[in-house]
Amino acid sequence: MTHVARWIAGACLLSGAAVCPPAQAQVPCRPLAIGDAQLRERYGEVPVGAGVSNGRLVMLYTARDPGAGAGAGGSTWTIVIVDPARGVMCGLAAGDGWEDIEPPAAGDPA
């Protein structure tokens, strides 16, 4: 199963196994410490952003290709939902080609 499929399957479990294909329903969410360690060690991804939605923490992990600067593509990314009450992390989406977008300068109508 690919990086993307593993993490999307975790999100599928969060929404309810009845709407998931059987192959995806077999992948559980991970304890927070294990999921964080896997993203760091397997993919070189670290958390770079977070927000709260419905009492759960939504986090963005990214990894930059060596030597790539701001705006450079080619890095992997994963969006996870963290349920702090249960101490688990479930994947929502993952992929590659992440690019940072510079905000427009003050007064720029961009």
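The values are calculated or read from the model by the stated rules, or taken from the named source; none is laboratory data. Keep in mind that what you see is a predicted model, and the values were worked out from it rather than measured. All Cβ positions, glycine included, derive from the backbone under ideal geometry; neighbour counts span all protein chains shown. Areas reflect the complete protein model, heavy atoms only, side chains present, ligands, DNA and RNA absent. Shrake-Rupley method; radii C 1.70, N 1.55, O 1.52, S 1.80 Å.
A few comments on the model shown:
- Residue in the range 87-105 that is least open to solvent (accessible area, probe 1.4 Å), counting only those that are touching a Gly at 6+ places or on another chain (Cβ under 7 Å) and not in a strand (DSSP E or B): Asp100
- Boolean, Gly74 is at positive phi, under 16 Å from the mean Cα position of the chain (by Cα) and modelled with pLDDT under 90: yes
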